[in-house]
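Novice: Questions regarding the structure given below will be posed in turn.
The values are calculated or read from the model by the stated rules, or taken from the named source; none is laboratory data. Quantities reported herein were computed from a predicted structural model and do not represent experimental measurements. Positions of Cβ are generated from backbone atoms using ideal geometry, with glycine treated the same way; all protein chains shown enter the neighbour counts.
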Amino acid sequence: MNLLLLILIPLVTALAIWLVRTPQQVRLVAFAGAAVQFALSFGLLGAYRLARAGGNSQVFIFQQQYQWFPSWGISFHVGVDGIAVAMIILTAFIVMAGVLVSWTVTKMTKEFYLLLILLSLGAYGFFISLDLFVLFFFLEVAVIPKYLLIGIWGSGKKEYAAGKLALMLMLGSALVLVGMLGMYFGSGADKTFNLVALSGQAIPATVQQICFPLLFAGFGIFTALFPFHTWVPDGHSSAPTAGSMFLAGISMKLGGYGCLRVAVYLLPAGAKAYGDVVIVLAAIAILYGAFATMLQRDLKYMNAYSSISHCGFVLLGIGMLTQTALTGAVMQMVSHGVMTALFFAVIGMLYQRTHTRQINEMGGLMRVMPFITTVLFFTGLCSLGLPGLSGFVAEMTIFTGSWQNPGSFYRAAVIVSCMSIVVTAVYILRAIGKVAMGPLPKQFELLTDAAWYEKAAAVLLLAGILAIGLAPGWLNSLVSPATELIMQKINATSAGIK
Amino acid sequence: MPNTTLVLLIALLPLAAFILLGLWGKKLFSQSAGVIATVLILAATMLAWYTAYKYFFVYGNTAGIYQKIPLFSYSWLSFSPGMSIDMGIVLDPISAMMLVVVPFISLMVHVYSLAYLKGEERGAVYYAYLGLFTFAMLGLVLSANIFQLYFFWELVGVSSFLLIGFYYQKPSAVAAAKKAFIVTRFADLGFLIGILVLSSSANSFDFATIIQQLGNPQQAAAQSATAASFMGISALSWGVALVFMGGAGKSAMLPLHIWLPDAMEGPTPVSALIHAATMVVAGVFLVARLFLVFSMSPAVLQLVAYTGAGSAVFAAIIACTQTDIKRVLAYSTMSQIGFMMFALGISGKEGDAALGYTASMFHLFTHAMFKALLFLAAGSIIHFVHSNHMSNMGNLRKYMPVTHGVFLIACLAIAGIPPFAGFFSKEAILLAAFEQNKIIFYTALFTSGLTAFYMFRLYFKIFWGTTQSDYHSHGEGGAAMLLPLLLLGVASCAAGFIPFGNYVTLNGAVLPLHLHIGFSVAPVLLALAGIAVAAWLYKKANSRPAKLAAFMGSFYKWAAHKFYVDELYNYVTQKIIFNLIAKPAAWIDKNVVDGLVNFSGNSTVLASEKIKGWQSGKVQQYATYFLVGIVVLAVVFIYLRK
C-alpha cells in the first residue's frame, strides 16, 4: 500500500476546496475527501494485517524513502507500524466527524474547511513519518491552522487563547527541535535524522539523558504534560466545535505519539532514567486534573480539564515502561481521541440550541433532545470508564500494565491514578444530572433534537467507542506487537544504565 | 453435559430486550414494549431453570460432589501471558442457585410492571433498562473471571443508576441516582485495586486459578502472598480486604450503606428487583465466590463478620424509627444482608464449620423471595394510597385482602416464624454463629427480635388501625399485579423446605442442615415477643409509641436521623474534599501554574517593549552604543591585563 496516498488525498481535497465556489460545494468536497480517507484508513488496516499475516516482520512496513537533503541526512521517509495505523484510523474518524458537525458553519466556510483539511494533512504526515525532520515539519503543519481556527472562528477570549496555544505549542516544538539536533550531533559517526537508522545506533547514554527530557517535555506539552497543560482549557474552550474536536482528538495525540515514537523508542536509556519523573507528573495530572475538573462550570472547560486528566493516563502508561502499559497508553490515545471528540461535538450541539455552555443554566434536556442527551450519556460513561466502552479497556490495560512494576513507588502511582475514577464519576454525573436530567426550563421547551449530519457524526464516533469497548481484541493485537518491539529495545539497553 | 448455547441465551435474551427496546422501543414498540420484554425474560427464566435443574439433578454432581463446570471461554482482552480477561461462564452451586433467583425475580417484576407502569409514556425505556440490568446481573453471577465480574459489576451499577433516576425530572431522584453510583464507585475503587493485588499474586484473573493459587496454603503463591508485606499486612489480606470494600459498597454495608435508602426514589418494582433481591446481594455473592481466598486471611474474615453484624443491628435500629414504608424496607434489606455477610465471615472451610457459607446462601435465596414480595406489595399499597408514608395508611386489610395476606406471609417469613422461609435460613445462620462466635450470635439474636418488631410495626400501621382517608381507588390492581404477589407468597412459604445443604455447599459435598428444636425456641420466642410489642404499640391508635419515643429520648432522635451518617458524609465530601482539595486544585491551576505561563508571556512582551527602542534605526544612537561598548570593553580588557 502506498502511504503517500494518505498525504495526497488531503492535499487534493484542499486544492478542490480552494477551487470550488459555493459553501455547499465546499462541504461536499470536504466530506468526500474525508470519506475517501476514512475508507483508505480501513484499507490500510486491512493491508497492514495482511502484510503481517504474510510474515512481514519489519518494524515499519510499507516504507518509502526519497532523498531530500542527503548532505544533512534528511530523507522523505515514511512507513507505519501498528501504533501508527491505530492513530491514522483515529484521525480518519475524527476528521470525518469534524466535517459533519461543521455542516452549518457559515462564516468563511471555504477557509474553515481548508484549515481543517490542512490540519488533518499535518496529522497524517506526522504519523507516517520515519524521518525526524519530516516529522517535525508535519508537526508544525498541524500547529499553525489551530491558531487561525481559534482566532477567527472561536468564541470567548479567543485571541488570548489562540496566542497562548500557539506560543506554548511552539515552545514544545522548539524543545523537540533542540532535542532532535542533540541526537543528530550526538548520535555518532553517521549523522542522520532518520528514525530507523537512529534506532539502530547506540546513542551514548549521556546524550540520551540530555535529549530525552527535551524531547519528552516538548512532545509532552502537546499532550498536556503537567505543568505545561494550561493551554488546554483556554484553547479548547475558545475553539469552534470541530476545532476542539481536532485539538483534543488529534493534536494532543501527536504529543503522545511523539513521546513514544521518538523520545522513548530512540532514547531508551533516557526513558529509563526519567521514567519515574514522568510517572510523578502523570499521576499529578491525572488526579489534580480530575479535581480541577470538578470545579468547572462551563461544559467545554470541564471536558478540557478532564482531557488533562485522561491524557495523564497516556503519560503514565509510557512512564511505566512495561509492554502492557505502553499498549494501554496507545489504546488510551485512541479511546480518548474518539471519546473527547464526541464530547466536544455534543457540547457544540447543546450550545447551538441552548446558547449556553454553563452547566447550571441547562436542565432536563432529555425530554426535548433524547438523541443528543443519550449520546452525552454514552460519552460521559465512557469518560468515567464504564465497561463496554473504550475508556474502560484503555484504563484497565494501563492499570494492569503499571501494576506489573513491583515496588511501592509504582503501586502508589497506580493507586493515586485509580482514585481519579471516583472523581471522574462525580463530575461526569454532576454534569449529566444537571444537563440531561432534572426539570426542563421553560425557554428550552421548543428546542429540537439533532439534525442528520449531527446524528451521522455522533453515530460514527459512538461506533468507534463501542468497537473498542466491546471487542478490544482487534486494537490490542494491532498495537501490542509494536509495543513489544519497543520494549525489546528498552530491555536490550538496560545494561550499564542506572 | 450442559448446552453452552442455551446457557449463553439466558444472558443474551435480556440483552436482546435492551437493544431492541433501547434502539426502536419508542418508535415501534411503545405499546408492546412490556409484553416483548416479559416474553423474552420468560424465555430466559425457563432456560435458566432448566439449566439449574439439569445442573443440580443431572450432570452437576459427580461422585457426590457438585463440580465447577467451566462452559465457555473467550479471550476478550489479553494483557500479557496469563493475565487476560477471558469472558467465560462457570456453573457451580452458587451460580446455578442465582440462575434460579435472578431471572425469576426479574420475571415477576416484569409482569408486575405491566400493570404498575401502565400508561407510562417511557415504558419502552423502562423495560430496556430492566433488560440491561438482568443481562448484567446474570453476567455477574456466571462470571468465570474476576475482571469479567468487575465488568458486569459496573454494568449493574449503571443500570441501577438509570433506574433510580428513571423519573429524571424529579431532582430528588437524580440526586439519589448520582449518590448510589458515586458511593458504589468509591467502593469499586477498592475492588479494582484488590483485583490488581490478587491477580498479580496469582498471575491470573481467572477465578479458578486465583482460588487454586491463593486459596490453598500449600501453594507457593499463597505462601508468598500471605507473608507480611505492606504496613505489616500481607498482600493477600490487602487484596481480599479491598475486594470486600467493593462488596460492602454494593451490598450497602456500614459505612457505605448511605445510598440504599435514597435509592428508593426509583420505581417500586425496581426497588424490589435491584435494591432488595438481586443487585444488593452481589457483594455477598462476591465474598462467597472468593471464599477460599478470604478464608486464608482470618483477620479479613473477622472484618467481614463484624461489618455484617454491625450493619445488621445498625439498620434494624434505624428501621424501627422510619415512617416511609420503602425506607423501612430498605433498612431491613441492609439488615438482612448483614446476616448473610456475617454468616460468611464466621464460616469455616471444612465440614460442619462451613455451615455459615451454606446458611448465607440459603438466606440469600429465601430473602430474595420474601423481600421482593414485600416490595411488590408495598408498590401495590403505594399505588392504592398514593403515598409512601405510613401515616397515610391504616386499616388497609379491609380494602386489600390479597395484598394483606401476602404481606403478612412475608412479614412472618422475615421475622423468622416457622414454617415460613426465613425461619429456616435464619436458624441456620444463628446456629452457625452460635458455634463460631458468641458476640455475633447475641447481636444477631437481638437483631432478629428487632426485625420482628419493626416489620410488624409496619404491618400493623398499614393494615390495622383506622382508615386515614376515603381511598376512592381502584382496588388491588389487576391480575398482572396479583399474580407475582401470589407466586412470591407461595415461594416465601415453601422455599424454606428446600434441603439447601444438599445442593449449595462450599466444597460441593452434602452438608445436612439439621433443625434443632431446642435451639430454635429462643429466637422464635424473641420474634413472637417482637410481634407482640408491635401489636401492643401499633395495632390500635394510642399514645404508647409517642411515650416510648420520648422515653428513648436522644437515642430515638439519633436513630430517626439515621445516626447522622449522611451528614457526616456531606461534611467530609463538601467541606473537606471539595473545599480543601478540589477548590485549591482549581485555584492553583488558574493562578499559579497558568499564572506562571501568563507571567512569562507578559514579561516577554514587557521586556521587548523595553528593549525595542534599542533598534530605533537612528545611526547616531547606534554610534553611541558602539562607542560606549568599545569603551566598556577597553576598560574590561585593561582591567583584566593587570
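Novice: Tally time: how many residues in region A:286-306 are more than 19 Å from A:SER244 (Cβ to Cβ), within 11 Å of chain B (Cβ to nearest Cβ) and in contact (Cβ under 8 Å) with a residue 60 or more places away in the chain?
Specialist: 5
Novice: Among the candidates B:LEU130, B:LEU71, B:LEU99, B:LEU138, single out the residue that is modelled with pLDDT under 90, away from chain A (no Cβ under 14 Å) and either crowded, with 21+ Cβ neighbours inside 10 Å or in a strand (DSSP E or B) (or both).
Specialist: B:LEU71
Novice: Separate question: Among the residues of region B:180-209, which ones are at the interface with chain A (Cβ under 9 Å from one of its Cβ atoms) and not β-branched (Val, Ile, Thr)?
Specialist: Selection gives B:PHE181, B:ARG185, B:PHE186, B:ASP188, B:LEU189, B:LEU192, B:LEU196, B:SER199, B:SER200, B:PHE205.
Novice: For region A:385-498, please list each of the helices (runs of 4 or more DSSP H) lying entirely inside it that holds at least 3 residues being farther than 23 Å from A:MET333 by Cα.
Specialist: A:408-435, A:452-470
Novice: In the list A:ALA283, A:ALA273, which residue meets the criterion of being more than 14 Å from chain B (Cβ to nearest Cβ), touching a residue at least 24 places away in the same chain (Cβ under 8 Å), in contact with a helix residue (DSSP H, G or I) (Cβ under 6 Å, 6 or more places away or on another chain) and farther than 30 Å from A:GLY125 by Cα?
Specialist: Selected residue: A:ALA273, the only one of A:ALA283, A:ALA273 that is more than 14 Å from chain B (Cβ to nearest Cβ), touching a residue at least 24 places away in the same chain (Cβ under 8 Å), in contact with a helix residue (DSSP H, G or I) (Cβ under 6 Å, 6 or more places away or on another chain) and farther than 30 Å from A:GLY125 by Cα.
Novice: Can you tell me how many residues within region B:40-52 are free of Cβ contacts under 8 Å to residues at least 60 places away in the same chain and farther than 26 Å from B:ASN145 by Cβ?
Specialist: 2
Novice: Follow-up. Select, from B:VAL597, B:VAL605, B:VAL565, the only residue that is in a helix (DSSP H, G or I), exposed (fewer than 12 other Cβ atoms within 10 Å of the Cβ) and not acidic (Asp, Glu).
Specialist: B:VAL605
Novice: A follow-up question, please. Has region B:80-94 got at least one residue that is within 14 Å of chain A (Cβ to nearest Cβ), out of contact with any Phe, Trp or Tyr (no Cβ under 8 Å at 6 or more places or on another chain), on the phi < 0 side of the Ramachandran plot and not in a strand (DSSP E or B)?
Specialist: Scanning region B:80-94, I find at least one residue that is within 14 Å of chain A (Cβ to nearest Cβ), out of contact with any Phe, Trp or Tyr (no Cβ under 8 Å at 6 or more places or on another chain), on the phi < 0 side of the Ramachandran plot and not in a strand (DSSP E or B), so the answer is yes.
Novice: Among the residues of region B:533-542, is there at least one that is surrounded by 14 or more Cβ atoms within 10 Å (Cβ to Cβ), among the basic types (Lys, Arg) and not in a helix (DSSP H, G or I)?
Specialist: Yes; the residues of region B:533-542 include at least one that is surrounded by 14 or more Cβ atoms within 10 Å (Cβ to Cβ), among the basic types (Lys, Arg) and not in a helix (DSSP H, G or I).
Novice: Taking the conditions exactly as written (of a type outside the set (Val, Ile, Thr), out of contact with any Ser or Thr (no Cβ under 8 Å at 6 or more places or on another chain) and under 30 Å from A:TYR265 (Cα atoms)), does A:GLN208 satisfy them or not?
Specialist: yes
Novice: Right, next: Among the residues of region A:271-326 satisfying the criterion of being among the basic types (Lys, Arg) and over 26 Å from A:PRO204 (Cα atoms), which is modelled with the lowest pLDDT?
Specialist: A:ARG297
Novice: Looking at (1) within 14 Å of chain B (Cβ to nearest Cβ); (2) within 19 Å of the chain's Cα centre (by Cα), which is the only condition A:MET362 fails?
Specialist: (2)
Novice: Also, I was wondering about something else. For region B:22-61, give me the residue count where each residue is within 14 Å of chain A (Cβ to nearest Cβ) and either assigned to a helix (DSSP H, G or I) or surrounded by 21 or more Cβ atoms within 10 Å (Cβ to Cβ) (or both).
Specialist: Qualifying residue count for the region: 6.
Novice: In addition: Condition check: away from chain B (no Cβ under 11 Å) and over 22 Å from A:ASP298 (Cβ atoms). Does A:ILE465 satisfy that?
Specialist: yes
Novice: Next question, about the same structure. When the residues of region A:397-407 are filtered to those that are buried (at least 24 other Cβ atoms within 10 Å of the Cβ) and more than 7 Å from chain B (Cβ to nearest Cβ), which remaining residue is farthest from B:VAL158 (Cα to Cα)?
Specialist: Out of the qualifying residues, it is A:SER402.
Novice: A:TYR453: under 20 Å from A:ILE359 (Cβ atoms), aromatic (Phe, Trp, Tyr) and touching a residue at least 60 places away in the same chain (Cβ under 8 Å), yes or no?
Specialist: The answer is no for A:TYR453.
Novice: Sticking with this structure for a sec: Condition first: within 14 Å of chain B (Cβ to nearest Cβ), aliphatic (A, V, I, L, M) and surrounded by 24 or more Cβ atoms within 10 Å (Cβ to Cβ). Can you find one or more residues in region A:168-175 that meet it?
Specialist: Yes, there is a match, as at least one residue in region A:168-175 is within 14 Å of chain B (Cβ to nearest Cβ), aliphatic (A, V, I, L, M) and surrounded by 24 or more Cβ atoms within 10 Å (Cβ to Cβ).
Novice: Please state which of the following conditions A:THR374 fails to meet, knowing it meets all the rest: (1) more than 13 Å from chain B (Cβ to nearest Cβ); (2) modelled with pLDDT of 90 or more; (3) surrounded by fewer than 24 Cβ atoms within 10 Å (Cβ to Cβ).
Specialist: Condition (1) is where A:THR374 drops out.
Novice: Give the number of residues within region A:377-396 that are closer than 22 Å to A:LEU460 by Cα and either surrounded by fewer than 18 Cβ atoms within 10 Å (Cβ to Cβ) or at the interface with chain B (Cβ under 9 Å from one of its Cβ atoms) (or both).
Specialist: 9
Novice: Additional query: Filter region A:77-102 for residues that are modelled with pLDDT of 90 or more, of a type outside the set (Val, Ile, Thr) and outside any helix (DSSP H, G or I) and give the result.
Specialist: Of everything in region A:77-102, those that are modelled with pLDDT of 90 or more, of a type outside the set (Val, Ile, Thr) and outside any helix (DSSP H, G or I) turn out to be A:HIS77, A:GLY79, A:ASP81.
Novice: A follow-up question, please. Answer yes or no as to whether B:LYS170 is without any contact (Cβ under 8 Å) to a residue 40 or more places away in the chain and of a type in the set (Lys, Arg).
Specialist: no
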